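Following: one structure in structure tokens, then a few remarks.
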Amino acid sequence: MMHLLAAVASFGLFALAFGVLLAVACRIFKIEGDPMAERIESLLPQTQCGQCGFPGCKPYAGAVASGESEVNRCVPGGERTMLKIADLMGVEPKSIEEEPTAPMIAFVREDECIGCTLCIKACPVDAIIGAPKQYHTVIADHCTGCTLCIEPCPVDCIDMLIKPELLEHWAWPLPDTHRAQQATERKGQHAPYTA
Amino acid sequence: MVTILPHYMSELTEFAVILLSAVLVNNYVLTKFLGICPFLGVSSKVETAVGMSFAVMFVMTLASTASWLVQQYILIPLDLLYLQTIFFILIIAALVQFIEMMIHKTSPVLYQGLGIFLPLITTNCAVLGVALLNIQQDNTFITSALYGLGAAVGFALVLILFAGLRERIEHAPIPEAFKGSPISLITAGMMSLAFLGFSGLVKI
């Protein structure tokens, strides 16, 4: 009987000691939030455009971190963001489903605009200005070309135009990306710079 | 001519022999066939294999010393040798829980990469195998720690080599039927054959 008690007591005490140690360790290594989702979110362009099928960049980051979503849904981020996320997650890179051939921006045909403000509410980056019953217009610098304003417009007065490549916005393309290849291909089409 | 080694030299030689035998000759994965699950499971990328290796190294070395202490100061005095397995499993499980928390905090990327194989170190038979073999071989505290470290280094060596091989095989033109697991198993078998070459290097 004593032997049995010794066995139970020693094992119980031993397990309790480890339990206490682990509880202390749990306090020391406490994690707030999902660190993986936070890292992915920091890679995303934060346009909150919703083209990935999630209501914003943070929900998308959470879905990617938990494996619910593919890594190739972020259209504004493009191939570069996808490669970074795939590398972080340790999964195979996938090509972006709908890569835009050229950067697009929205344009409001002001003659037809009825000033309903629906597109202003839809714009994730606040790139449309206007007031009720006034013409709306798109701030070209802020528009990410996400096309979310097209759907709500009751009179279909928003067009997607190819973004004009302005000299003051021009920058060297990033090396080894799809856009860099496109830029090389389109190089001859631009007017030569004369100043 | 007989050279008489100083006492500490012979001890150092013994330590070297223990390490060498555990790393190469009696390699846990390729010679004793223990710990095959993580060997095949986390060897698809070198980065995760390195992370896993360090996790196993930590757990194995600490588990072998802790189990030796438990054996000497709890199980033998209380005559509870029949509780050996459950005590050792408890030690291993607690250590694995600890390292899981640590990795989750310090390297979420590695945590993601290791996935289910991190908590599964608990059931990595190589870890329990080292603890039990230490007792069977009547190792001292130091030698059991060395034996655990050696076994873990052997595991790490084989795992990282295998991961490197698999990364290269991924891009090799292999027949469709052998892609994935079959070629991995064949590679593992060949590595095991290669490690047979180390038998006889040291006698233990």
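Tabulated data for the structure shown
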| read-out | value |
| --- | --- |
| Charge dipole (debye, nearest 20) of chain B; +1 at Cβ of Lys and Arg, -1 at Cβ of Asp and Glu | 300 debye |
| Under-29-angstrom lysine pairs by C-alpha in chain B, whenever the two are 8 or more apart or on separate chains | 5 |
| Under 18 Å from A:Lys58, Cα to Cα: lysines that are on another chain or at least 8 residues apart | A:Lys84 |
| Farthest positive-ward along chain B dipole, Cα basis, beta-carbon charges - from B:Gly150, B:Ile89, B:Ile186 | B:Ile186 |
| Simple Cβ-charge dipole of chain A, Lys/Arg +1 and Asp/Glu -1, about Cα centre, in debye nearest 20 | 660 debye |
| Theoretical FRET efficiency, 1/(1+(r/R0)^6), r = Cβ-Cβ of A:Met160 and A:Lys58, R0 30 Å, to 0.05 | 0.70 |
| Longest exposed-site-free window of chain A, the sites being chymotrypsin sites (Phe, Trp or Tyr not before Pro) in a DSSP loop that have at most 11 other C-beta atoms within 10 Å | A:1-169 |
| Once the Cα gyration tensor of the protein assembly as shown is diagonalised, semi-axes √(5λ) in Å | 61, 28, 16 |
| Gain in span if fully extended, B:Gln137 to B:Gln84, counting 0.36 nm per residue against the direct Cα distance | 17.6 nm |
| Ratio of Rg to Rh over chain A (Cα coordinates, Kirkwood Rh, two decimals) | 1.26 |
| Cβ-isolated cysteines (cut-off 4.7 Å), chain A | A:Cys26, A:Cys52, A:Cys57, A:Cys74, A:Cys113, A:Cys116, A:Cys123, A:Cys143, A:Cys153, A:Cys157 |
| Net lengthening on full extension, A:Leu13/A:Ile28 (0.36 nm per residue, minus Cα-Cα) | 3.1 nm |
| For the protein assembly as shown, with +1 on Lys and Arg beta carbons and -1 on Asp and Glu, the positive-most of B:Phe98, A:Leu166, B:Pro175 along the dipole | B:Phe98 |
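Just so you know, all these numbers are worked out from the coordinates, no wet-lab data involved. Keep in mind that what you see is a predicted model, and the values were worked out from it rather than measured. Cβ sites come from the backbone with ideal geometry, for glycine too, and all protein chains shown count toward neighbours.
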